[in-house]
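Novice: Handing you this structure, nothing more for now.
Values in this text are rule-based calculations from the coordinates and carry no lab data. Since the model is a prediction, treat every value here as computed from it, not as a measurement. Neighbour counts are summed over all protein chains in view; Cβ atoms, including those assigned to glycine, are modelled from backbone coordinates with ideal geometry.
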Amino acid sequence: MSSKTYLPPQEALEHEWYIVDATDQRLGRLASEIAMILRGKKKAEFTPHIDTGDFVIVINAERIAVTGKKRTQKLYRRHSGRPGGMKTETFAKLQQRIPERIVEQAVKGMLPKNSMGKHLFTKLKVYAGPTHPHAAQQPKELKINTIPGAEN
């Protein structure tokens, strides 16, 4: 008896839209939950090489929280590609300048480092404030509890 691996057909896959409020959420715990939803790992039909994940909208990215001294010691680096083109910025400065980038970088680091990861990253929408232009998709509110030991 030969059993074949079940592959869900692309037409049958439902891609939901979820909205997450990042107010007072811990950055790493929030990012890992979002990465699992984008990837579709909590679904029964998860397949590593097929996009089974959902879309995620993150609002209030400017109010994300970090613990310890990360606000002043965590560094974000980027390079222009030219000699001496390394720019370094602390968490606090980047949060004032482009708060969306903090959540985007954290989630991107938790996605696969291949073409599938690049595709999944396009399904993440991050906004600094409480408003977003995706009301037509009717996103469901997703409660992510990032406090250890608390009920989900």
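Novice: Can you give me the number of residues within the stretch 6-54 that are on the phi > 0 side of the Ramachandran plot and in contact with a strand residue (DSSP E or B) (Cβ under 7 Å, 6 or more places away or on another chain)?
Specialist: Let us first name the residues in the stretch 6-54 that are on the phi > 0 side of the Ramachandran plot, namely 24, 40.
Filter once more, so that each one left must be in contact with a strand residue (DSSP E or B) (Cβ under 7 Å, 6 or more places away or on another chain): 24.
Within the stretch 6-54, residues that are on the phi > 0 side of the Ramachandran plot and in contact with a strand residue (DSSP E or B) (Cβ under 7 Å, 6 or more places away or on another chain) number 1.
Novice: Which condition breaks for S80 when tested against (1) surrounded by 11 or more Cβ atoms within 10 Å (Cβ to Cβ); (2) without any contact (Cβ under 8 Å) to a residue 12 or more places away in the chain?
Specialist: (1)
Novice: Still on this structure, please answer the following. Among the residues of the stretch 101-115, is there at least one that is among the hydrophobic types (A, V, I, L, M, F, W, C), loosely packed, with under 12 Cβ neighbours inside 10 Å and either touching a strand residue (DSSP E or B) at 6+ places or on another chain (Cβ under 6 Å) or under 29 Å from Q10 (Cβ atoms) (or both)? Working first, answer last.
Specialist: As a first pass, look at the stretch 101-115 and keep what is among the hydrophobic types (A, V, I, L, M, F, W, C): 102-103, 106-107, 110-111.
Filter again for loosely packed, with under 12 Cβ neighbours inside 10 Å, leaving none.
Taking every residue of the stretch 101-115 in turn, none turns out to be among the hydrophobic types (A, V, I, L, M, F, W, C), loosely packed, with under 12 Cβ neighbours inside 10 Å and either touching a strand residue (DSSP E or B) at 6+ places or on another chain (Cβ under 6 Å) or under 29 Å from Q10 (Cβ atoms) (or both).
Novice: Kindly indicate which of H119, H134 is surrounded by fewer than 16 Cβ atoms within 10 Å (Cβ to Cβ), within 30 Å of E14 (Cβ to Cβ), touching a residue at least 40 places away in the same chain (Cβ under 8 Å) and out of contact with any Asp or Glu (no Cβ under 9 Å at 6 or more places or on another chain). I'd like the intermediate steps shown before the answer.
Specialist: Values: H119 fails: out of contact with any Asp or Glu (no Cβ under 9 Å at 6 or more places or on another chain).
The match here is H134.
Novice: Right, another one. Among the numbered criteria (1) more than 27 Å from P9 (Cβ to Cβ); (2) buried (at least 16 other Cβ atoms within 10 Å of the Cβ); (3) polar (S, T, N, Q); (4) free of Cβ contacts under 8 Å to residues at least 60 places away in the same chain, which single criterion is violated by T52?
Specialist: Result: T52 passes all but (1).
Novice: When residues of the stretch 14-49 are filtered for being in contact with a Ser or Thr (Cβ under 6 Å, 6 or more places away or on another chain) and surrounded by fewer than 18 Cβ atoms within 10 Å (Cβ to Cβ), how many remain? Talk me through it step by step, then tell me what you get.
Specialist: Here is the first cut: in the stretch 14-49, the residues in contact with a Ser or Thr (Cβ under 6 Å, 6 or more places away or on another chain) are 25-26, 29-30, 40, 43, 45-46.
After this cut, where a residue has to be surrounded by fewer than 18 Cβ atoms within 10 Å (Cβ to Cβ) as well, the list is 26, 29, 43, 45-46.
Of the residues in that region, 5 qualify.
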